[in-house]
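The values are calculated or read from the model by the stated rules, or taken from the named source; none is laboratory data. The structure presented is a predicted model; accordingly, all values stated were derived computationally and were not measured. Here the Cβ positions follow ideal geometry from the backbone for every residue, glycine too, while neighbour counts run over all protein chains shown.
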Protein chains: 6
Amino acid sequence: MTANTETPPRAGLVVSAHSADFVWRSGGAIATHVRQGYRMKVVCLSFGERGESAKLWRKGEMTEEKVKAARREEAQKAADILGAEIEFFDLGDYPMRVSDEALFRLVDVYRDVQPAFVLSHSVKDPYNFDHPLAMHVAQEARVIAQAEGHNPGQKVVGAPPVYAFEPHQTEQCEWIPNTFLDITDVWDLKRQAIECMAGQEHLWAYYTRVAQQRGVQAKRNIGITAARNIEYAEGYMRLTPSVVGDLS
Amino acid sequence: MTANTETPPRAGLVVSAHSADFVWRSGGAIATHVRQGYRMKVVCLSFGERGESAKLWRKGEMTEEKVKAARREEAQKAADILGAEIEFFDLGDYPMRVSDEALFRLVDVYRDVQPAFVLSHSVKDPYNFDHPLAMHVAQEARVIAQAEGHNPGQKVVGAPPVYAFEPHQTEQCEWIPNTFLDITDVWDLKRQAIECMAGQEHLWAYYTRVAQQRGVQAKRNIGITAARNIEYAEGYMRLTPSVVGDLS
Amino acid sequence: MTANTETPPRAGLVVSAHSADFVWRSGGAIATHVRQGYRMKVVCLSFGERGESAKLWRKGEMTEEKVKAARREEAQKAADILGAEIEFFDLGDYPMRVSDEALFRLVDVYRDVQPAFVLSHSVKDPYNFDHPLAMHVAQEARVIAQAEGHNPGQKVVGAPPVYAFEPHQTEQCEWIPNTFLDITDVWDLKRQAIECMAGQEHLWAYYTRVAQQRGVQAKRNIGITAARNIEYAEGYMRLTPSVVGDLS
Amino acid sequence: MTANTETPPRAGLVVSAHSADFVWRSGGAIATHVRQGYRMKVVCLSFGERGESAKLWRKGEMTEEKVKAARREEAQKAADILGAEIEFFDLGDYPMRVSDEALFRLVDVYRDVQPAFVLSHSVKDPYNFDHPLAMHVAQEARVIAQAEGHNPGQKVVGAPPVYAFEPHQTEQCEWIPNTFLDITDVWDLKRQAIECMAGQEHLWAYYTRVAQQRGVQAKRNIGITAARNIEYAEGYMRLTPSVVGDLS
Amino acid sequence: MTANTETPPRAGLVVSAHSADFVWRSGGAIATHVRQGYRMKVVCLSFGERGESAKLWRKGEMTEEKVKAARREEAQKAADILGAEIEFFDLGDYPMRVSDEALFRLVDVYRDVQPAFVLSHSVKDPYNFDHPLAMHVAQEARVIAQAEGHNPGQKVVGAPPVYAFEPHQTEQCEWIPNTFLDITDVWDLKRQAIECMAGQEHLWAYYTRVAQQRGVQAKRNIGITAARNIEYAEGYMRLTPSVVGDLS
Amino acid sequence: MTANTETPPRAGLVVSAHSADFVWRSGGAIATHVRQGYRMKVVCLSFGERGESAKLWRKGEMTEEKVKAARREEAQKAADILGAEIEFFDLGDYPMRVSDEALFRLVDVYRDVQPAFVLSHSVKDPYNFDHPLAMHVAQEARVIAQAEGHNPGQKVVGAPPVYAFEPHQTEQCEWIPNTFLDITDVWDLKRQAIECMAGQEHLWAYYTRVAQQRGVQAKRNIGITAARNIEYAEGYMRLTPSVVGDLS
């Protein structure tokens, strides 16, 4: 646990490349922290309208605007279920391009939210170049939001830890989960949010199994003999060191 | 924080290759946890009599037994100051060799102590082959202590996190501190323990500066603007994932 | 595909640290190659009697001999289902120790089997030190089996590719699957073999989900639009380069 | 071998940063696959007119246009010898800059060619920043070409494996050959293509020796005792997992 | 030592992201080489006016122009003390953006200075994105400056070794010092230059301790028993191979 | 260059796993340093009689003693040509096993030779387990030779840099040449020494090409425009940091 215990209404920030990523990869974290009283804010940099909406495109009579509208609706619904605020930057995908204007907009979000932690994609992903770009932007915005000379007078942010949530093929992405979050208590909410993603139904079972596997592993990492049971978990790769008062 | 919150009198285990390592590298952690009510147990695999006692050897009229006695006395004194129990395995150094008998003795310590966390050396150290061997043995003993079939009937251990404490030349050892422990409040004790090491006076200032640098870095990682001040810290490389209930 | 296409009755060798590993991790590969006419040989270095038989030990009235007998029976049954020969070296586990005598026995197996490929554990596994040791021994025996001067006159082995099969927590083991084997057609057999492992029932569902996840990933790596479907797969990390005649 | 065996006239795509790279690094692969009936398409992102034409510049009376014309002629001649189609993007070099327009042009090539495999540069090259950029663009275009929402209605591409061909100083580039292609049968063609590169005669012998060394290594990786001889080979680093039906 | 011993008035180039970096990280190298007769040239890409001038901003009544003027003055004073030429590119910071125009300006500096070695930041720094960008630009400009076709007729540069100087949190930046420079004799100058940085007084002690720690380590790497004493040193990560005539 | 300039008759130590390794991999370094007045000492841990003498074994009527005698003769002849002392430990190969007795014998060599640098094998080699073992032993003996408490009264060694010479398949061994030694002037001697290895004639051309490739690379790393020519070179991976007084 870090030392930022003084900030009254704590908050968390999720930077999602496409409009469904925050659900598969951090839906449990969002719901967990909302339960604990956190304000959770999701920024979707794009709707994933070109690269992650295959099923919608195959419907015929489709336009980019229609796909985006459908994706926005799904994401909004999922965010509502999880209890998160959501904001869409609509930057386009495949390829995503992030202007300095968009970067500064994200800096504004940081300064407004004052997050106690930040979640985004893995630093590498050979299957998806939008994902590491989203993480890069999340980190770059964080650093700018810390700078006294950026919009002087605004309240700068502290040093919120940054976590990479789970990519689709972890080992190809050099992603190693050094942190497991027990999401057993909020699994039902996450599953409901997952089911909002009508256009990617083939992933529902996949990410349910991901949660089960991570549950087994989390349990193993507290010890099989521990009293606490863990059925569902999310894995995270913490990128920044933690500062603790106790090593157990 | 892990979930092992149920064990009444918590404990920590330190596996030190030579008799002074636990002081330079984890003296602050030991004192901190003793203050919090932990039982802290140090195992010194050797006295470092051949490879880390240059100053003593240069005194003349020296024998290995005399060196070992001097080193034992220093280490005992330091442990007393820090509040730790200490046990000497006297396995020899440069090179250290660990028999299965010694390994099983360490397993016995694990089962007796039931540690909530374990500290030992970096996994790699091209300047010192005893150090990574100590860590290897610490990890191997931990796994055996978890096995139901080893001395059936004894209470097996859970899954205590394993941390590598700071080696002398960190970057050459592929050691990356992902965890900082604030030791400001116990710094005086650590410094007193350090000063017990009469034979290695040249390292006193070195490890004082290490603590100061890590203090600055820990402070940076909670945010310069955070209320809490950190003057002295110890860095650790946690090798096993943590299981948490909150990501901030 | 390698160039060793000339060897008439082809064979594969699996070096398993404990008596159930070959099932969870390579049961599909064994069954697949048996179907293709391969002779498949499994060497179990130990029964996993101390470290991987928790459920058996908790039965009460247990001895190491009884546990070993139960584990042998399970493993033999699984091998029969998969169509593999199995040989038990009974070297002990937690910790496993491999004498040169045992190493040379494995060299003899290599020379007898003349494998076209070799499967064993990941090179690193911080949760289990017997696993990487098994892989080390598998590789060392392979190199000795290639040496003209070892038992001169015997037929030396060629250069069979070496694969690491999937460990329990892949990312902690630096294990990256660069090869997927489609096991959809033999899944039923693998599942039957899995169900022989009465003592580790908690892993049945876990490794079923592993096979499903790897199936989804394998499908993605041939292209979602490919005609062929893949429901179950095994992942392997090939350690040695392949020599091919076609890059597609 | 992957499963895309259904595509009738198979094809391969080579993305070359400068106009000679495809010859030194993949001339053997091009000729080999042409012989097997593949359509081979080479895209040269630049002519290498500024950074890889030193000999031409030293002739005197040189202009960039003259250098480019000379380089184009050499490359066209080499492509003819190897049997490849070649297309020049003329994006400039040292530094190369790739606009989104150029990226989409490459996506069009992917959709037209429907490659069964893709060859480009190493992911890292501290001696040449155009090289990793070419690979990045090759990978980014591949992913866009897979996206249903990019130019909806066009035939999307499958998941062709991506290989990094051999850079000049392999170890400095973190390039590891996990795949060797036997090019003994087409070596004469490759050497002829190499000799088209009049401006870089100092590299002829260098890349001939590269092919010989890789030949020796390929031979070693199928086993010294194997019947097949390999005199010349090319090394490749496959970046994407393979999906196979046989592990030998 | 490399072979470029023929160039008469030798020179070194330092590419500093912000206006104080060259002091903390390479002040000793600058002063050492100036003493040896080198021309030392420092390029400050920005003043660090937004991200590294917190103390100045807190003074009140501050504008970006005022901060930049103060930072320029400090840097100029430090350069004077060390004996270096300094040039300010004023590209802005947090985030720094480097246009091709700025890149070519740096190429011009390379061709003018003809450096025998180049110093810049670590290749990775998760705490500061301007730093790795500066190194990237330093390397890209070096390669362009080597290209005969860039501004034909100018004298191209050779192959000066590139070193990454020490970042703030070395282990988080994958920075490993493979080269230590003894700066004991010029320490006083470096400390004077450090004290010019009025706006970052909190770093004076930090980088003094860095120099002391590196001094101890350098001493250890020549052997404790060596006659030569080293009290202060700077660590560097050499990125390019050295070409030597003697291995001791 | 390191600071150990005070030791009068300088020396170098080569630890070779098998009796021919020192020739292929460091013959040029040996001859170069002998010319410069160094005492060069080679320790061959084994003759490579089982694993690296295939051609001899195929002669028929062969025994291990005959093979060893032939290998010893070849190695002695090569050492004579290069000007090195040679000592055979005769520890056996495939697999090599190094007892503590053999380790301490190597420590004695260190203390006798007082090397200014040490050459041995790559730290990793999946094709040959004797090679990394030799390097491990070379490093372990070096550290023991530094220990005041080992045979107190003897002169301890300083901190000679350790280099890994070139393995057969560099990239598979994670071996990166950070140091090139120009061996153009002694190439004829190295080639003569190579030709002593009658039993491995297939490697003569291979290692001649290695020297040529490294020559081209060394030349590139001092700059194509440098006056000095380099036709043959050896690559080394320096494992320990260098301490220098000049960065060019």
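Worth a mention:
- For the stretch E:194-216, the count of residues that are surrounded by fewer than 23 Cβ atoms within 10 Å (Cβ to Cβ), under 23 Å from residue E:36 (Cβ atoms) and free of Cβ contacts under 8 Å to residues at least 12 places away in the same chain is zero.
- Flag for residue D:3 being at pLDDT 95 or above and in contact with a helix residue (DSSP H, G or I) (Cβ under 7 Å, 6 or more places away or on another chain): no
- Unmet requirement for residue A:94, which otherwise passes all of (1) part of a loop (DSSP other than H, G, I, E, B); (2) in contact with a strand residue (DSSP E or B) (Cβ under 8 Å, 6 or more places away or on another chain): (2)
- Any hit, the stretch C:137-157, residues being closer than 19 Å to residue D:178 by Cβ and in contact with a Ser or Thr (Cβ under 7 Å, 6 or more places away or on another chain): no
- Condition met for residue A:72 (within 14 Å of another protein chain (Cβ to nearest Cβ), surrounded by fewer than 22 Cβ atoms within 10 Å (Cβ to Cβ), out of contact with any His (no Cβ under 9 Å at 6 or more places or on another chain) and closer than 24 Å to residue A:195 by Cβ): no
- The residues of the stretch B:99-144 that are touching a residue at least 24 places away in the same chain (Cβ under 8 Å), among the aliphatic types (A, V, I, L, M) and out of contact with any strand residue (DSSP E or B) (no Cβ under 9 Å at 6 or more places or on another chain), listed by number, are B:102, B:103, B:107, B:133, B:144.
- Residues in the stretch E:106-138 that are within 22 Å of residue E:170 (Cβ to Cβ), within 14 Å of chain F (Cβ to nearest Cβ) and small (Gly, Ala, Ser): E:120 only.
- Top-ranked residue in the stretch B:6-17 [being assigned to a loop (DSSP other than H, G, I, E, B) and either more than 9 Å from chain A (Cβ to nearest Cβ) or at pLDDT below 50 (or both); ranked as nearest to residue B:145 (Cα to Cα)]: B:7
- Scan of the stretch C:218-237 for residues that are surrounded by 22 or more Cβ atoms within 10 Å (Cβ to Cβ) and either in contact with a Ser or Thr (Cβ under 8 Å, 6 or more places away or on another chain) or of a type in the set (S, T, N, Q) (or both), ordered by number: C:221, C:222, C:230, C:232, C:233, C:234, C:235, C:236, C:237
- Given (1) part of a helix (DSSP H, G or I); (2) within 29 Å of residue F:123 (Cβ to Cβ); (3) in contact with a strand residue (DSSP E or B) (Cβ under 8 Å, 6 or more places away or on another chain), number of the condition residue B:72 does not satisfy: (2)
- Within the stretch D:46-66, one or more residues are under 16 Å from the mean Cα position of the chain (by Cα) and among the hydrophobic types (A, V, I, L, M, F, W, C).
- When the stretch B:42-69 is limited to residues that are in a helix (DSSP H, G or I) and of a type outside the set (Lys, Arg), the one that is surrounded by the fewest Cβ atoms within 10 Å (Cβ to Cβ) turns out to be B:65.
- Only a single criterion out of (1) farther than 30 Å from residue F:143 by Cα; (2) within 14 Å of chain E (Cβ to nearest Cβ) is not satisfied by residue F:187, namely (2).
- For the stretch C:173-232, filtering for residues that are β-branched (Val, Ile, Thr), part of a loop (DSSP other than H, G, I, E, B) and touching a Phe, Trp or Tyr at 6+ places or on another chain (Cβ under 9 Å) leaves 2.
- Taken as a whole, the structure leaves residue A:163 outside the set of residues that are under 28 Å from residue C:180 (Cα atoms) and within 7 Å of another protein chain (Cβ to nearest Cβ).
- One residue stands out in the stretch F:145-160 among those that are surrounded by fewer than 24 Cβ atoms within 10 Å (Cβ to Cβ) and touching a residue at least 60 places away in the same chain (Cβ under 8 Å): the one that is farthest from residue F:17 (Cα to Cα), namely F:158.
- Selection of the stretch E:26-53 for residues being among the hydrophobic types (A, V, I, L, M, F, W, C) and free of Cβ contacts under 8 Å to residues at least 60 places away in the same chain yields E:30, E:34, E:40, E:42, E:44, E:47.
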